[in-house]
């Protein structure tokens, strides 16, 4: 009989085995052994993102990279993204956007960010990210503890 492992038990197992690692020492087993083909990196392709993108590319350039294109990004951001994709040889960058029908209903003028930033983020980030992560068992984020606030309490797993 195969015993089903709970999410809590799996998290504890990962914390015990890998919680003290960081950087490549952590990414290597996650990408190649623990979650091969079932892990994605979510990246804004901002200036600080280049380091994490480089590390993931050095482990496996085929690792899916999810890029949330909110439709509100500067052209320079998109150009920088393309230059990083090319320089790092990333092979599976997924440009994720809000559903155009939902955006048309909930933000017909494209100005929701001005009147209700939370609703705008939900429409343009939360919903598309949830959809993009379907099918993955784990995801890598570039959130940093040193940014403070709630992020200071982030755990590795």
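For the stretch 112-130, name all the residues that are in contact (Cβ under 8 Å) with a residue 12 or more places away in the chain, farther than 16 Å from residue 101 by Cα and either touching a strand residue (DSSP E or B) at 6+ places or on another chain (Cβ under 9 Å) or outside any helix (DSSP H, G or I) (or both).
Of all residues in the stretch 112-130, those in contact (Cβ under 8 Å) with a residue 12 or more places away in the chain come to 113, 119-120, 123-125, 127-129.
Add one more test, that the residue is farther than 16 Å from residue 101 by Cα, and what stays is 113, 129.
Matches in the stretch 112-130: 129 only.
From the list 71, 75, 8, 17, pick out the single residue that is surrounded by fewer than 18 Cβ atoms within 10 Å (Cβ to Cβ) and either under 17 Å from the mean Cα position of the chain (by Cα) or touching a residue at least 12 places away in the same chain (Cβ under 8 Å) (or both).
On the way: 75 fails: either under 17 Å from the mean Cα position of the chain (by Cα) or touching a residue at least 12 places away in the same chain (Cβ under 8 Å) (or both); 8 fails: either under 17 Å from the mean Cα position of the chain (by Cα) or touching a residue at least 12 places away in the same chain (Cβ under 8 Å) (or both); 17 fails: either under 17 Å from the mean Cα position of the chain (by Cα) or touching a residue at least 12 places away in the same chain (Cβ under 8 Å) (or both).
Just a single option satisfies the conditions, and that option is 71.
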### Task
Within the stretch 19-43, work out how many residues are in contact with a helix residue (DSSP H, G or I) (Cβ under 6 Å, 6 or more places away or on another chain) and either modelled with pLDDT under 90 or part of a loop (DSSP other than H, G, I, E, B) (or both).
1
### Task
Would you be able to tell me the number of residues in the stretch 115-157 that are surrounded by fewer than 11 Cβ atoms within 10 Å (Cβ to Cβ), at pLDDT 90 or above and over 18 Å from residue 69 (Cα atoms)?
2
## Note on the structure
Over the stretch 84-96, the set of residues out of contact with any strand residue (DSSP E or B) (no Cβ under 8 Å at 6 or more places or on another chain) and either at positive phi or in a helix (DSSP H, G or I) (or both) is 84, 86, 87, 88, 89
### Message
Can you pull out every residue in the stretch 44-64 that is in a loop (DSSP other than H, G, I, E, B) and at pLDDT below 95?
### Response
44, 45, 46, 47, 48
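Search the stretch 97-111 for residues being assigned to a loop (DSSP other than H, G, I, E, B) and over 15 Å from the mean Cα position of the chain (by Cα), and hand back the single one that is surrounded by the fewest Cβ atoms within 10 Å (Cβ to Cβ).
We begin by selecting, within the stretch 97-111, every residue assigned to a loop (DSSP other than H, G, I, E, B); these are 97-99, 107-111.
Checking which are over 15 Å from the mean Cα position of the chain (by Cα) leaves us with 98-99, 107-111.
Working: 98: 24, 99: 13, 107: 19, 108: 9, 109: 7, 110: 12, 111: 10.
Looking at the filtered set, the residue picked out is 109.
The values are calculated or read from the model by the stated rules, or taken from the named source; none is laboratory data. This is a predicted model, so every value here is computed, not measured. Backbone-built Cβ (ideal geometry, glycine too); neighbour counts: all protein chains shown.
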